[in-house]
1. What residues have an amide H closer than 5 Å to that of residue 116, excluding those fewer than 5 places away on the same chain, when H is modeled at 1.01 Å from N in the peptide plane?
2. Can you tally the net charge around residue 113? Count Lys and Arg as +1, Asp and Glu as -1, for every other residue whose Cβ sits under 12 Å from the Cβ of residue 113.
3. Can you list the HN-Hα couplings for the range 161-166, worked out from phi with the Karplus curve (6.51, -1.76, 1.60; θ = phi - 60°), rounded to whole Hz and with x for Gly and Pro?
4. Between rounded, prolate and oblate, where does the range 24-179 land on the alpha carbon gyration tensor, with a ≥ b ≥ c its root eigenvalues, rounded for a/c under 1.5, else prolate if a/b exceeds b/c?
5. In terms of modelled amide H atoms, which long-range or inter-chain residues lie less than 5 Å from the amide H of residue 24?
6. Residue by residue through the range 127-138, what is 3J(HN,Hα) from phi via Karplus (6.51 cos²θ - 1.76 cosθ + 1.60, θ = phi - 60°)? Round to whole Hz and write x for glycine and proline.
7. Between helix 4-17 and the chain, what is the angle of the helix's C-alpha long axis to the longest principal axis, kept within 0 to 90° and rounded to the nearest 10?
8. Among the lysines, which have Cα under 21 Å from the Cα of residue 85 when same-chain residues fewer than 8 positions away are ignored?
Amino acid sequence: MRTPLARLALAAGLAVAAGCTPNAFEVSLSGQTTIHGDAATAGMVLTRIPAIGSFANIDFPASEEFQQNQATKDAVQSIKVSSVKVQIQLPGTQGFDFLDELHFIAAAGSQEKEVAGKTGISGLGMDAPNPTLALDVDPTAELRDFLSAPSVSIIARGSGRVPPQDTTLQATVKLKVVLKVF
């Protein structure tokens, strides 16, 4: 016969085996940007990736996920990006062949840290309709120190060629937040 304590230990063991930690949660950020395209200048050097509005001035402690988990800045042990995905929303005829590289950087004041990136994108064969690109995440990029900054942003930088028409990208960044155990 198993005791309630044995059931609790078994449940805790299963949670750890499944990769769950009771002191961790996920924060998901998503936003859009449009790279301006032009048939007349298509193929010319792409000079910048426009800002993703919802990735500017991020206030982690004010987020729904922090509120639900009653997390404070002081309680955070670690924040790391777990995934970054970018999908072409519009037009349905556009693939990623115009983009050579894409990098996502966390920034606060003069402090910057690359959290994910991908090179050689145009050669991946990611054709229309609506391809999704998964960036390579830097598992060592720790963002905990960014919590004390008054403003945190995630910026996209990249290079390639101007697409033949306006191209809307949807980006999703998922972060794993680990809280200190007191």
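1. Under 5 Å from the amide H of residue 116 lie the amide H atoms of 104, 138, each far enough along the sequence or on another chain.
2. Around residue 113, the charge tally is -3.
3. Working through the residues one at a time gives 10, 4, x, x, 8, 3 Hz.
4. Prolate, because a/c is 1.5 or more and a/b exceeds b/c.
5. 179
6. Those phi angles translate into 8, 4, x, 6, x, 10, 9, 9, 7, 7, 8, 7 Hz.
7. For 4-17 against the chain, the angle is about 20 degrees.
8. Within the straight-line cut-off, residue 85 pairs with 113, 118, 174, 176.
Coordinate-derived values only; no laboratory data. Quick caveat: nothing in here was measured; it's all calculated off a predicted structure. Glycine gets a Cβ as well: all are built from the backbone with ideal geometry, and neighbour counts include every protein chain shown.
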